[in-house]
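FYI, it's all coordinate maths here, none of it is from the lab. It should be emphasised that the depicted structure is a prediction, and the values quoted were computed from it without experimental measurement. Neighbour counts are summed over all protein chains in view; Cβ atoms, including those assigned to glycine, are modelled from backbone coordinates with ideal geometry.
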Amino acid sequence: MSISIKIHDLSVRYPIYGFRSKSLKSLILNKSLGGLINIPGDYSTPEIIALNKLNLTISENEKVGLIGHNGSGKSTLLRVILGSYPPSSGQIHVNGRISSMINLTLGVDENLNAIENINLRLRILGLSALEIKRSIQDILTFSELEDYANFPMRTYSSGMMMRLLFSIATSIDADIVLMDEWLGVGDANFAKKAEERLIKYLKRSSILIIASHNREMLNKLCTRVIELEHGNIKNDSNL
């Protein structure tokens with residue numbers, strides 16, 4: 001079966017607790033509000049509809065950009081595909097191994113050293129002990145942290161930590177890569193080689209989905225751009 005993402009009538013709703021009717025009316029009039037507001041007639045808890053009955057198919061070899069104002073549903077859609085947000089209704093079928101570049105620090109244990117964290121992250125991704133052993137040196141070399149491999153990560157600067165986590169994330173090929181904005185890592189010298197590594201990594205993936213406000217960057221990077229507005233698809237165009 002080919003790599004793909006298929007979404008049918010998918011909705012994500014968040015309950016709004018503690019709002020009075022006047023407050024809700026003022027929110028409705030605020031055009032910058034993300035999602036739609038549903039106020040039930042039976043006085044039950046109102047809710048924000050972050051995604052509203054989305055239908056979407058993303059096929060193999062597509063590089064898809066998501067664009068839209070803050071709260072339009074871009075990040076929510078990424079997290080539903082990742083599996084960290086459950087749909088309120090509808091269906092999603094993902095065929096392929098996913099790599100998330102959304103939050104690289106998720107799951108890091110700062111009391112462990114670099115090698116221990118590499119082992120932990122790659123085991124979570126399903127790699128064998130032999131595959132992990134083969135990856136460790138490449139990750140340490142690229143991140144320029146060989147001399148700090150046995151130091152607890154709580155002793156790392158934020159830049160050192162991001163270099164290591166970026167190197168881990170881009171060390172294993174994935175079928176589907178999810179990104180929330182383009183990822184910049186480290187100082188100027190490291191950032192240049194990190195960008196080159198990231199571009200090669202994304203080219204090896206079958207599907208890329210990246211959310212951004214930068215339309216020019218999406219036009220260069222993607223084969224398709226989907227514009228979201230209040231949880232709905234406003235425009236879907238091939239490039």
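Structural remarks
- Cα-based helix-to-principal-axis angle, 158-169 vs the chain, degrees rounded to 10: 90 degrees
- Which listed pairs, of Lys74/Lys234; Lys133/Lys192; Lys63/Lys220; Lys193/Lys220; Lys74/Lys200; Lys6/Lys234, have C-alpha distances above 22 Å, in listed order: Lys133/Lys192; Lys74/Lys200
- Cα centroid separation, the stretch 171-227 to the stretch 70-128 (Å): 16 Å
- With respect to the chain, whose longest principal axis is taken over its alpha-carbon atoms, helix 129-143 is tilted by about 90°.
- Residue separation of His93 and Asn61 scaled by 0.36 nm, minus their Cα-Cα distance, works out to 9.8 nm of gained length.
- Expected 222 nm ellipticity per residue - DSSP helices of 4 or more, -39500 (n - 2.57), all of the chain, to 500: -10000 deg cm²/dmol
- Once exposed loop trypsin sites (Lys or Arg not before Pro) are cut out (DSSP; at most 10 other Cβ, 10 Å), longest piece of the chain: 32-239
- Taking the fewest neighbouring Cβ atoms within 10 Å as the starting point, the ordered list for Tyr14, Tyr156 is Tyr14, Tyr156.
- Integer Hz, Karplus 6.51/-1.76/1.60 couplings in order for the stretch 207-218, x for Gly and Pro: 10, 10, 10, 10, 9, 7, 9, 8, 5, 4, 5, 5
- Each Lys or Arg adds one and each Asp or Glu subtracts one; over the other residues with Cβ under 13 Å from the Cβ of Met217, this totals 0.
- Cβ crowding within 10 Å, taken as a proxy for footprinting-reagent exposure, orders Met160, Met101 from fewest neighbours to most as Met160, Met101.
- Global geometry of the stretch 114-205, whether rounded, prolate or oblate, following the gyration tensor of its Cα atoms and the 1.5 cut on a/c: oblate
- Nearest 10 degrees, 0 to 90: helix 188-204 Cα axis against the chain principal axis: 70 degrees
- Applying 1/(1 + (r/R0)^6) with r as the Cβ-Cβ distance of Lys193 and Asp109 and R0 = 35 angstrom yields a FRET efficiency of 0.85.
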